[in-house]
Amino acid sequence: VGVFTPKPTEVDILSAGEGIDPKSLSGVVVDDSAVKFSGEWIRSSSLRPFVGSSYYHDGNAGKGMRSAEFPFQVERNGLHEVRVSFLPAGNRAGEVKYVVNSVKGKEIVKLDQRMKSNGDNLWHSLGSYEFSANKKYSIQVSNEDTEGFVIVDSARIIPLVLE
């Protein structure tokens with residue numbers, strides 16, 4: 001007679017202090033060591049959920065001196081939704097500037113990291129953008145002109161229309 005060992009659920013994993021496995025997510029996921037940080041960011045895993053091993057915050061300090069870049073490539077031409085992950089809270093920055101580089105060039109999107117999203121509250125959409133296959137693109141975020149903690153976790157690029 002074999003012994004049944006239940007597989008840990010996502011809730012079990014999160015309560016154990018581990019993040020959501022980026023490989024379990026659809027689309028291109030840029031997280032942890034793939035993110036290029038400039039300036040001093042503080043690594044944390046105290047508030048859940050998050051993607052990967054941790055998330056980062058600016059300590060509500062060094063304003064204008066800290067930024068992060070999510071470099072990526074897509075496999076097929078077409079329209080993709082760009083999402084970033086962070087857990088909203090009252091001490092977060094109210095107007096965080098993201099720059100999305102796409103086929104059309106750079107576009108600026110501002111998100112309020114205090115507000116809950118319409119979805120699962122972890123993923124926040126920056127909109128839909130066209131990307132060409134195998135070309136280098138990026139999403140940048142900085143703590144310039146912000147009041148409150150700026151959170152950086154991961155970015156996710158999900159294909160919507162494929163050519």
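Can we say R83 is free of Cβ contacts under 8 Å to residues at least 40 places away in the same chain and either surrounded by 14 or more Cβ atoms within 10 Å (Cβ to Cβ) or hydrophobic (A, V, I, L, M, F, W, C) (or both)? The answer is no for R83. Across region 126-137, the qualifying residues are those that are open to solvent by less than 60 Å² (accessible area, probe 1.4 Å) and closer than 11 Å to V100 by Cβ, and the one among them that is farthest from the chain's Cα centre (by Cα) is F131. When the test is whether a residue is out of contact with any Asp or Glu (no Cβ under 9 Å at 6 or more places or on another chain) and touching a residue at least 60 places away in the same chain (Cβ under 8 Å), R76 does not pass it. In region 99-112, the residues that are touching a residue at least 40 places away in the same chain (Cβ under 8 Å) reach residues that are part of a strand (DSSP E or B) and basic (K, R) with C-beta atoms within less than 7 angstrom, at least six apart or across chains, in these pairs: V99/K106. Scanning region 100-122 for residues that are open to solvent by 10 Å² or more (accessible area, probe 1.4 Å), under 13 Å from the mean Cα position of the chain (by Cα) and modelled with pLDDT of 95 or more yields a count of 1.
So is V28 open to solvent by 40 Å² or more (accessible area, probe 1.4 Å), more than 25 Å from E144 (Cβ to Cβ) and of a type in the set (V, I, T) or not? It is true that V28 is open to solvent by 40 Å² or more (accessible area, probe 1.4 Å), more than 25 Å from E144 (Cβ to Cβ) and of a type in the set (V, I, T).
Of all the numbered requirements in (1) surrounded by fewer than 19 Cβ atoms within 10 Å (Cβ to Cβ); (2) touching a residue at least 24 places away in the same chain (Cβ under 8 Å), V150 misses one, and that requirement is (1). Looking only at residues of region 65-79 that are of a type outside the set (S, T, N, Q) and under 15 Å from the mean Cα position of the chain (by Cα), we find that the one that is most open to solvent (accessible area, probe 1.4 Å) is E69.
The values are calculated or read from the model by the stated rules, or taken from the named source; none is laboratory data. The structure displayed is predicted, hence computed values, not measured ones. Heads up, the Cβs are rebuilt from the backbone with ideal geometry, glycines too, and the neighbour counts pull from every protein chain shown. For the accessible areas, the whole protein counts, side chains as well, though only heavy atoms, and no ligand, DNA or RNA atoms are used. Shrake-Rupley method; radii C 1.70, N 1.55, O 1.52, S 1.80 Å.
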